Ligand code: ATR
């Protein structure tokens, strides 16, 4: 039963109506029997109104969690009382916690990448190729460097790869051809290439993927991208984009509730919401 004591969490974005976070979090509240204590909603908010939302959060004692999607996750940083050093380094806050009127910003996207990767590979000293140098790449590269992986970054706009590589002590590479991909233990797509409706595209057109590689995509629609299909065909271990989505959510659940996330329940809710 929702009451005056129920705490609420809201995901904001523009647009936000397709967000899967409410489904994942509310399913977890129900499973743990804390759906009287927490409820998770979504609201469309223009970027120019992010400041007003943050001010409301500070004034509302039951407004426990504020989740931000792109580009709000950069905008929100201006208005918080404290930002976790990891979120500062990544340059984005996707989760704001209201701690008795003190608003604290965190980033859980990097954990979304790291948790599934660590299930399959010990990253220390491994060679990793990151495709892309945008916002998602920053969280992925942070995760990899936190485990002391050797990271090479390539990007359509090469200057951005150079800049990101400089910041996180990685190697930039202008062009990747088929044979180059063989030397990497892990290859991660952080670009939007292959996302529906252009689902026949792959960020590595000519690739020589091989067994014993880990191939990860952050694109989750379609569930199995062309890039992952290439990896599967080569006998590599593949990690679907839904894994990153799930694990940024489980880490966020723990920040908002202080309770261990029921990973399987949240995964099922995610799959149901995606009709998988
Ligand atoms: P996000 O926050 O989701 O990472 P972003 O910051 O806009 O979004 O970054 C998108 C990434 O996908 C970038 O690396 C972008 O390359 P550019 O820096 O050259 O723009 C990459 N990307 C998007 N569309 C692409 C395409 N058609 N081919 C290659 N790379 C593409």
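Derivation of every value follows stated rules applied to the coordinates shown; laboratory data play no part. Owing to the predicted nature of the structure, the values given are computational and were not obtained by experimental measurement. FYI the Cβ positions are ideal-geometry reconstructions off the backbone, even for glycines, and counts take in every protein chain you see.
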Any idea what angle helix 158-167 forms with the longest principal axis of the chain, computed on alpha-carbon atoms, 0 to 90 degrees, nearest 10?
70 degrees
Extension gain from residue 260 to residue 199, taking 0.36 nm per residue of separation minus the Cα-Cα distance:
18.4 nm
Measure nothing but the geometry: give the 0 to 90° angle between the long axis through the Cα atoms of 263-273 and the longest principal axis through the Cα atoms of the chain, rounded to 10°.
90 degrees
What is the spin-label model distance, in nm, from residue 212 to residue 74 if the labels are put 7 Å beyond Cα along the C-beta direction?
4.0 nm
Length-normalised contact order of the chain in % [C-alpha pairs under 8 Å, at least 6 apart]
16 percent
Tell me, how many Å apart are the Cα centres for region 9-52 and for region 89-143?
20 Å
Cα pairs beyond 22 Å in region 160-246, in percent, come to 26 percent
Compute the angle between helix 50-59 and the longest alpha-carbon principal axis of the chain, please, reported from 0 to 90 degrees and rounded to the nearest 10.
40 degrees
Cα extents of region 88-134 per principal axis, largest first, Å, are 43, 24, 14
Return the Rg/Rh value of the chain, two decimal places, where both radii are evaluated on C-alpha atoms and Rh is the Kirkwood radius.
0.98
For a label point 7 Å along the Cα-to-beta-carbon line of residue 61, residues of region 91-125 with backbone N under 15 Å
98-102
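Over region 43-200, what is the relative contact order in whole percent, taking alpha-carbon pairs under 8 Å and six or more residues apart?
Relative contact order of region 43-200: 17 percent.
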What 222 nm value per residue comes from the helices of the chain, counting each DSSP H run with n ≥ 4 as -39,500 (n - 2.57) and dividing by all residues, nearest 500 deg cm²/dmol?
-11000 deg cm²/dmol
Relative contact order for region 1-81 using alpha-carbon pairs under 8 Å, separation at least 6, rounded to a whole percent?
43 percent
